[in-house]
Amino acid sequence: MAIQFLKHGRSAEESSQDAAKVRDVVTGILADVGARGDAAVAELSKKFDNWSPESFRLSEDEIASCVRSLSQGQLDDIKFAQAQVRNFAQAQRESISDVEVETLPGVVLGHKNMPVDSVACYVPGGKFPLVASAHMSVVTAKVAGVPRIITASPPVGGTPNPAVVAAMHLGGADEIYTFGGVQAIAAMALGTLTIDSVSMVVGPGNAYVAEAKRQLFGRIGIDLIAGPTETLIIADDSVDAEMCATDLLGQAEHGFNTPAVLLTNSMQLAKDTIAEVERLLKVLPTANTAGVSWRDYGEVIVTDTLEEMVSEADRIASEHVQVMTRDPDYFLKNMKNYGALFLGARTNVAFGDKVIGTNHTLPTGKAARYTGGLWVGKFIKTCTYQKVLTDEASALIGSYCSRLCAIEGMIAHGEQANIRVRRFGHRDVPYGTAVPA
């Protein structure tokens, strides 16, 4: 049986956003904030969010008020989630080792792993204030050892969102700002009179935030450029349509352009899932959003073999891949392109999004072909060093270096080697010539 598409989503051409328009708007805002700093940020915040506080940075009293406004149960739940993220990030950090090795007698090479000096963590607002995004960025940066962590999130309903602020604070943020959009990214990345610039900006956001990160990359570091959330369900007839439909719609509610794909080797499950999605949309409170995503971006693909399922899954290269088959580890062993795998019907993408401990900032738009998601290593610089301990080693490496520079015609480089051969190897090497073999 050939691979069959029971339901198609919109084509790449149909679903593409007006990238040029987004790019031009972002370019203008970045230039404005770069030129006018705080004044531009204030004007843009008033324009886009109707938000013009005396200071965008929250005071200790304002932060404490946000924390107090939450119930003890809510605070306990936030702390539980952050403990899971922290524990896994700590295990990841411990897997990153410094290296020092003597590669030749007297030649020592190594690398050190050091945290970046400052990070801005952006937490989006939009339809949902994503409390969990604070855990994923702030806690992970803290475990990496970043000495200055600042955070920003837009106001929700004309005020800072208390749960988001509490999560930022409990996660270890040093400075908390209530502003959003491109102006927030620009202010933190470029700096203003009241905000010191940072070395790196991380966190998800809308198309404008993603474009701002793209344009700023190089002047600052970023985690990745995240587009609309994606989910892929890989299932066989060991699970039922209700489970598949629930997990598809669980991600489709993110927005109006969220790809949700079922990949199965069971024609019956495929048909039943389509019907079950339609049934659930009649009772789902967020159906107005999820239904549009399913209508425009939902896909159902039926294959014959497990090998075809792996091949299709790697082609799709989805951000989230939920595997509900008799042998989910087969996909762990054989798949190559995914942001994160959720193996078995007992887990799901929402666990990863909110609480289980892995990071939910993941590659989209097929970026899983070449990168993973945010993790503690993103905040770590691995920097090399070298030492030559003996005269003999310097003369030996210098001889090879001299001749290799001559091949390239880089005479001054060669002289860096030659002078050491003369000094430490006591050989007479005429200026501008290579050391004889």
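LYS112 contributes about 100 Å² of solvent-accessible surface, heavy atoms of the protein only, 1.4 Å probe. In the chain, helical runs assigned H by DSSP with n ≥ 4 each contribute -39500 (n - 2.57); averaged across all residues and rounded to the nearest 500, the mean residue ellipticity at 222 nm is -14000 deg cm²/dmol. Can you tell me, using C-alpha contacts under 8 Å and at least 6 residues apart, the relative contact order of region 302-437 as a whole percent? Averaging sequence separation for qualifying contacts and normalising by length gives 17 percent for region 302-437.
May I ask for the net charge around GLU312, where only other residues with Cβ less than 15 Å from the Cβ of GLU312 are counted and Lys, Arg are +1 while Asp, Glu are -1?
Net local charge, GLU312 excluded: -2.
Given LYS354/LYS381; LYS142/LYS354; LYS271/LYS336; LYS213/LYS366; LYS7/LYS271, which pairs have Cα atoms separated by over 20 Å? The answer is LYS354/LYS381; LYS271/LYS336.
Normalised by the number of residues in the chain, the average gap of Cα pairs under 8 Å and 6 or more apart makes the relative contact order 19 percent.
Taking all protein chains together and rolling a 1.4 Å probe, SER394 ends up with roughly 20 Å² accessible.
Need one number: convex hull volume per residue for region 111-159, Cα atoms only, in Å³.
Values: hull volume 3.6 nm³, N = 49.
In region 111-159, the Cα hull volume divided by residue count equals 73 Å³.
For region 17-96, the solvent-accessible area works out to 62 Å² per residue, with a probe of 1.4 Å and every protein chain left in place.
THR159 sits with roughly 60 Å² accessible to a 1.4 Å probe, with DNA, RNA and ligands left out of the calculation. Please build a GNM for the chain, connecting alpha carbons under 10 Å apart, and tell me which residue among GLN268, GLN90, GLN416 fluctuates the most. Comparing GLN268, GLN90, GLN416 in the GNM, the peak value goes to GLN416. Among 400-407, 183-190, sorting by the average number of other beta carbon atoms lying within 10 angstrom of each residue, highest first, gives 183-190, 400-407.
Take the solvent-accessible surface of the protein heavy atoms, probe 1.4 Å, and return the percent of it on the chain that carbon and sulfur atoms account for. Carbon and sulfur together cover 54 percent of it.
For THR371, THR382, THR178, give the ranking by accessible area with the largest first, probe 1.4 Å.
Numbers: THR371 35, THR382 80, THR178 5 Å².
In descending accessible area the options line up as THR382, THR371, THR178.
Accessible surface comparison of PHE351, PHE179, probe 1.4 Å, protein chains only, largest first: the order is PHE351, PHE179.
Here the Gaussian network model covers the chain, with springs between Cα atoms less than 10 Å apart; of ALA395, ALA252, ALA40, ALA395 fluctuates the most. Per residue, the solvent-accessible area of region 136-209 (1.4 Å probe, heavy atoms of protein chains only, all protein chains present) comes to 26 Å².
Highest mean first, what order results for 206-214, 306-314 on Cβ atoms within 10 Å?
The peptides rank, most packed first, as 206-214, 306-314.
Can you work out the accessible area per residue across region 282-437, with the rest of the protein chains kept in place, probe 1.4 Å, in square angstrom? If you can, show how the numbers build up before the last one.
Numbers: 8390 Å² over 156 residues.
I get 54 Å² per residue for region 282-437.
In terms of Cα atoms, the Rg and Dmax of region 324-437 work out to 26.4, 73 Å.
Give me the percent relative contact order of region 208-278, please, defined on Cα pairs under 8 angstrom at least 6 residues apart. Across region 208-278, relative contact order equals 33 percent.
Among GLY203, GLY339, GLY145, the residue with the largest mean-square fluctuation in a Gaussian network model of the chain, with springs joining Cα atoms closer than 10 Å, is GLY145. Comparing the chain with the 2.2 N^0.38 Å rule of thumb, its C-alpha radius of gyration ratio is 1.19 (two decimals). Among ARG68, ARG279, the sequence by solvent-accessible area, most first, with a 1.4 Å probe is ARG68, ARG279.
The values are calculated or read from the model by the stated rules, or taken from the named source; none is laboratory data. Not measured: the values here are computed from a predicted model. Backbone-built Cβ (ideal geometry, glycine too); neighbour counts: all protein chains shown. In case anyone asks, the SASA skips ligands and DNA or RNA and just uses the protein heavy atoms, side chains included. Shrake-Rupley method; radii C 1.70, N 1.55, O 1.52, S 1.80 Å.
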